[in-house]
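Each remark here refers to the structure printed beneath this line.
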């Protein structure tokens, strides 16, 4: 464990806490893409298949349970909670995310570290996570005005993988066998998707103005 | 080296 990875995990946790806060405090999920949240449930379930077989550390197991539990809770809330589901902007959340699932799975069948069930699903989860934010970013562009909590949620979500890139660079120079090229390349693509969001987020922060994404 | 066998990152 290094400081970059720990910072990345904490930033990821903060993004989830901000989203849960928004939904529970405002009893609203307006501006949140249910499709992105559903993709994250698939990402965590596919990635943490080894939850009960490989024990790495208490921290690792606890964080996996938190990520799986929170992503399921968010999807449940947006689909089933009487007050929250009414605020879901279904007509704005139109990205055909099934193609992202299919594409990621096909890519995982072609590009993986080892042709085993667990490794295929691990690579699938890495590729899917890279594109999972797309429905949310498209929805933000459509809805134009972004409320603070939603903006902070997307910001922390983007920042976490940026910390992971620093972690991979650090591990590359400090660990002889380290080679996570699948996660690294996918993480770079993932963070690149946030580039324009980060730019407009920084502009709005600098001008102390509301976050406006050009339609 | 077994460190490639499992993924120690989240």
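Side notes on the structure shown:
- Odd one out for residue A:116 among (1) within 18 Å of residue A:5 (Cα to Cα); (2) surrounded by fewer than 20 Cβ atoms within 10 Å (Cβ to Cβ); (3) within 14 Å of chain B (Cβ to nearest Cβ): (1)
- Flag if residue A:128 is surrounded by fewer than 22 Cβ atoms within 10 Å (Cβ to Cβ) and either within 14 Å of chain B (Cβ to nearest Cβ) or modelled with pLDDT of 95 or more (or both): no
Yes/no matrix, rows are residues, columns are (1) closer than 18 Å to residue A:132 by Cβ; (2) away from every other protein chain (no Cβ under 14 Å); (3) in contact with a helix residue (DSSP H, G or I) (Cβ under 7 Å, 6 or more places away or on another chain):
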position: A:153; (1), (2), (3): yes, yes, yes
position: A:156; (1), (2), (3): yes, yes, yes
position: A:164; (1), (2), (3): yes, no, yes
position: A:172; (1), (2), (3): no, no, no
position: A:178; (1), (2), (3): no, no, yes
position: A:183; (1), (2), (3): yes, no, yes
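- Filtering region A:96-109 for residues that are over 21 Å from the mean Cα position of the chain (by Cα), more than 13 Å from every other protein chain (Cβ to nearest Cβ) and modelled with pLDDT of 95 or more leaves a non-empty set.
- Here residue A:175 meets the list (1) closer than 18 Å to residue A:36 by Cβ; (2) surrounded by fewer than 17 Cβ atoms within 10 Å (Cβ to Cβ) almost entirely, failing just condition (1).
- Output for region A:136-148, where each listed residue is modelled with pLDDT of 95 or more and surrounded by fewer than 22 Cβ atoms within 10 Å (Cβ to Cβ): A:137, A:138
The values are calculated or read from the model by the stated rules, or taken from the named source; none is laboratory data. The shown structure was predicted, so the numbers you read here are calculated from the model rather than taken from an experiment. With ideal geometry, Cβ positions are generated from the backbone for all residues, glycine too; neighbour counts draw on all protein chains shown.
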